[in-house]
Amino acid sequence: MRAPLAWQIATVTAIRQETATVRSFTFAVPDWQRHLAGQHYDVRLTAPDGYQAQRSYSIASEPMRTGEIDLTIERIEGGEVSSYFHDVATVGDRIEIRGPIGGYFVWEAAIGGPLLLVAGGSGVVPLMSMLRHRTGAGDHIPTALLFSSRRRDEVIYFDELESLRDADPTLRVFHTLTREQPPGWSGYGRRIDRSMLFDVLAAIGRQPRVFICGPTLLVEAAAEGLVGLAVDPAQIRTERFGPTGV
Amino acid sequence: MNERTDSDNDGSADTDGSMTLDGNAVAGLLEEIFGTDLTGQPCDCAHCGNHAEVGTMRAFILGPGVTLRCSICGEVMIRVVQTPDATYLDLRGTASLRMPRSTT
């Protein structure tokens, strides 16, 4: 058992622009606890008049990085907390957080694989923690990531995913761009469907452990498609968030 | 996890499911109340008998409280309302809930 979940003050030590609307923030966490890939932190902002806004953000970094975490935050139009992070936050800011939180949508190398990760938009964040953990653990668990984004320039972590794939033949990365594909695009160009899932399963076998994170409609399409392809429903774990872009 | 704009809190008008979150979104609130993570723990729906982890339940979070509904039958399983000095918990829709015991 761990210590009770308590709010603490973390300090922003680095900010990285991932895409036009997505930034990653590194926080130094005084009462740091090793997380499981897939967990999140709650973040709470308090205005001078006492008004508070709280949101949950998935941890992007791997658990081995002692004393700090990365949270990748997408700007949400009209979002009270995300607009603070995109318009106001700077290195040195002190922010109230609590975590790590969650015990359902989690994976560690000891659980094993093969692993199928399916992401829509910023749903890739907890899956990136799993991929970074897998790489850091030196594990070669056969893994496939199927990642749906709207446009090429909206693909979060694109370059890092290319590097991870190039360095590891046991990792397959499949991209699909649903709105617009650049000239010469070799990935998919449609929403996730059964034939796409069939191709991905062919790359890693038909009985993977599955983690799906994204907007509800994508999560349900992917989960139902996989069950239709005889993947064991007990091996499918899902995490939903609001509609893409909201 | 991310910000949400659900305008409707209890899911009664959520006809196409496109605005639905799941139990993972309220893991922090549940841990605050129960003192341990609940999302990875199984519970039984009092309406249809579905046996599944709390993380699979559908969550409706904006407004004055949180409503968690069964992922199979859609009935309300858990409601939480917090005021400045108290937490109100309605578990009528949950037949049973597992919580791990401390081994230390």
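The values are calculated or read from the model by the stated rules, or taken from the named source; none is laboratory data. Bear in mind the structure is a predicted one, so any value in this text is a computation, not a measurement. All Cβ positions, glycine included, derive from the backbone under ideal geometry; neighbour counts span all protein chains shown.
Assuming A:D153 fulfils every condition listed in (1) over 22 Å from A:R237 (Cα atoms); (2) not in a helix (DSSP H, G or I) apart from one, which condition is it?
(2)
Considering region A:200-220 alone, what residues qualify as being farther than 24 Å from A:I111 by Cα and touching a Leu at 6+ places or on another chain (Cβ under 9 Å)?
Passing the criteria: only A:T216.
Name every residue in region A:50-79 that is farther than 13 Å from A:M128 by Cα, charged (D, E, K, R), at pLDDT 90 or above and not in a strand (DSSP E or B), in order of residue number.
Result: A:R65, A:R75.
In the list B:A59, B:A52, B:A95, which residue meets the criterion of being aliphatic (A, V, I, L, M), part of a strand (DSSP E or B), in contact with a Cys (Cβ under 9 Å, 6 or more places away or on another chain) and within 14 Å of another protein chain (Cβ to nearest Cβ)? I'd like the intermediate steps shown before the answer.
Details: B:A59 fails: in contact with a Cys (Cβ under 9 Å, 6 or more places away or on another chain); B:A95 fails: within 14 Å of another protein chain (Cβ to nearest Cβ).
Selected residue: B:A52, the only one of B:A59, B:A52, B:A95 that is aliphatic (A, V, I, L, M), part of a strand (DSSP E or B), in contact with a Cys (Cβ under 9 Å, 6 or more places away or on another chain) and within 14 Å of another protein chain (Cβ to nearest Cβ).
Could you check region A:157-246 for helices (runs of 4 or more DSSP H) lying wholly inside it with 3 or more residues that are within 14 Å of chain B (Cβ to nearest Cβ) and either surrounded by 14 or more Cβ atoms within 10 Å (Cβ to Cβ) or among the basic types (K, R) (or both)?
Values: elements: A:158-167, A:194-204, A:216-228.
Once the helices (runs of 4 or more DSSP H) in region A:157-246 are filtered for at least 3 residues that are within 14 Å of chain B (Cβ to nearest Cβ) and either surrounded by 14 or more Cβ atoms within 10 Å (Cβ to Cβ) or among the basic types (K, R) (or both), what remains is A:216-228.
Take region A:37-50 and flag every residue that is surrounded by fewer than 20 Cβ atoms within 10 Å (Cβ to Cβ), farther than 16 Å from A:A6 by Cβ and touching a helix residue (DSSP H, G or I) at 6+ places or on another chain (Cβ under 9 Å).
Matches in region A:37-50: A:L45 only.
Can you go through A:G99, A:G103 and tell me which one is within 14 Å of chain B (Cβ to nearest Cβ) and assigned to a loop (DSSP other than H, G, I, E, B)? Walk me through it before giving the result.
Details: A:G99 fails: assigned to a loop (DSSP other than H, G, I, E, B).
Step by step, each of A:G99, A:G103 is checked, and only A:G103 is within 14 Å of chain B (Cβ to nearest Cβ) and assigned to a loop (DSSP other than H, G, I, E, B).
For (1) closer than 29 Å to B:A27 by Cα; (2) under 19 Å from the mean Cα position of the chain (by Cα), each residue gets a yes or a no:
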{"residue": "A:L171", "(1), (2)": "no, yes"}
{"residue": "A:L201", "(1), (2)": "no, no"}
{"residue": "A:I204", "(1), (2)": "no, no"}
{"residue": "A:A234", "(1), (2)": "yes, no"}
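What about B:H47, is it over 20 Å from A:V219 (Cβ atoms), surrounded by fewer than 23 Cβ atoms within 10 Å (Cβ to Cβ), modelled with pLDDT of 95 or more and in contact with a Cys (Cβ under 7 Å, 6 or more places away or on another chain)? Talk me through it step by step, then tell me what you get.
Values: over 20 Å from A:V219 (Cβ atoms): yes; surrounded by fewer than 23 Cβ atoms within 10 Å (Cβ to Cβ): yes; modelled with pLDDT of 95 or more: yes; in contact with a Cys (Cβ under 7 Å, 6 or more places away or on another chain): yes.
Against the criterion (over 20 Å from A:V219 (Cβ atoms), surrounded by fewer than 23 Cβ atoms within 10 Å (Cβ to Cβ), modelled with pLDDT of 95 or more and in contact with a Cys (Cβ under 7 Å, 6 or more places away or on another chain)), B:H47 qualifies.
Could you check region A:9-24 and list, in sequence order, the residues that are buried (at least 16 other Cβ atoms within 10 Å of the Cβ), polar (S, T, N, Q) and in contact with a Lys or Arg (Cβ under 9 Å, 6 or more places away or on another chain)?
A:T21, A:S24
Go through region A:205-235 and report how many residues are over 24 Å from A:I73 (Cα atoms), touching a Pro at 6+ places or on another chain (Cβ under 9 Å) and at pLDDT 95 or above.
Of region A:205-235, the ones over 24 Å from A:I73 (Cα atoms) are A:205-209, A:221, A:223-235.
Those left that are additionally touching a Pro at 6+ places or on another chain (Cβ under 9 Å): A:205, A:207-209, A:223, A:226-227, A:231, A:235.
Now drop any that are not at pLDDT 95 or above, which leaves A:208-209, A:223, A:226-227, A:231, A:235.
Qualifying residue count for the region: 7.
Could you figure out which of (1) surrounded by fewer than 20 Cβ atoms within 10 Å (Cβ to Cβ); (2) of a type in the set (V, I, T); (3) facing chain B (nearest Cβ under 10 Å) isn't true of A:I73?
(1)
Residue by residue through region A:1-20, note down the ones that are in a loop (DSSP other than H, G, I, E, B), in contact (Cβ under 8 Å) with a residue 60 or more places away in the chain and under 21 Å from A:Q54 (Cβ atoms). Spell out the reasoning first.
The first filter runs over region A:1-20 and keeps only residues in a loop (DSSP other than H, G, I, E, B), leaving A:1-7, A:20.
Adding the requirement that they be in contact (Cβ under 8 Å) with a residue 60 or more places away in the chain leaves A:5-7, A:20.
Correct list: A:L5, A:A6, A:W7.
Looking for something at pLDDT below 95, more than 12 Å from every other protein chain (Cβ to nearest Cβ) and either surrounded by fewer than 22 Cβ atoms within 10 Å (Cβ to Cβ) or in a loop (DSSP other than H, G, I, E, B) (or both) - is there at least one such residue anywhere in region B:15-31?
yes
Could you tell me whether any residue of region A:69-79 is farther than 26 Å from A:F211 by Cα, without any contact (Cβ under 8 Å) to a residue 40 or more places away in the chain, outside the structural domain of A:R152 (by TED's automatic domain parsing) and acidic (D, E)? Let's see the steps before the verdict.
So the first thing to find is which residues in region A:69-79 are farther than 26 Å from A:F211 by Cα, and the list is A:77-79.
The next check asks that each one be without any contact (Cβ under 8 Å) to a residue 40 or more places away in the chain; those that pass are A:78-79.
From the residues that got through so far, the ones that are outside the structural domain of A:R152 (by TED's automatic domain parsing) too are A:78-79.
When the remaining residues are screened for being acidic (D, E), the result is none.
No, because not a single residue in region A:69-79 is farther than 26 Å from A:F211 by Cα, without any contact (Cβ under 8 Å) to a residue 40 or more places away in the chain, outside the structural domain of A:R152 (by TED's automatic domain parsing) and acidic (D, E).
For region A:118-152, which positions are of a type in the set (V, I, T), more than 16 Å from A:A60 (Cα to Cα) and surrounded by fewer than 24 Cβ atoms within 10 Å (Cβ to Cβ)? Give the derivation first.
Keep residues of region A:118-152 that are of a type in the set (V, I, T), which gives A:118, A:124-125, A:135, A:141, A:143.
Now drop any that are not more than 16 Å from A:A60 (Cα to Cα), which leaves A:141, A:143.
The answer is A:I141, and nothing else.
Quick check, is A:V88 β-branched (V, I, T), under 18 Å from A:W7 (Cβ atoms) and out of contact with any Cys (no Cβ under 7 Å at 6 or more places or on another chain)?
Details: β-branched (V, I, T): yes; under 18 Å from A:W7 (Cβ atoms): no; out of contact with any Cys (no Cβ under 7 Å at 6 or more places or on another chain): yes.
So A:V88 fails the test.
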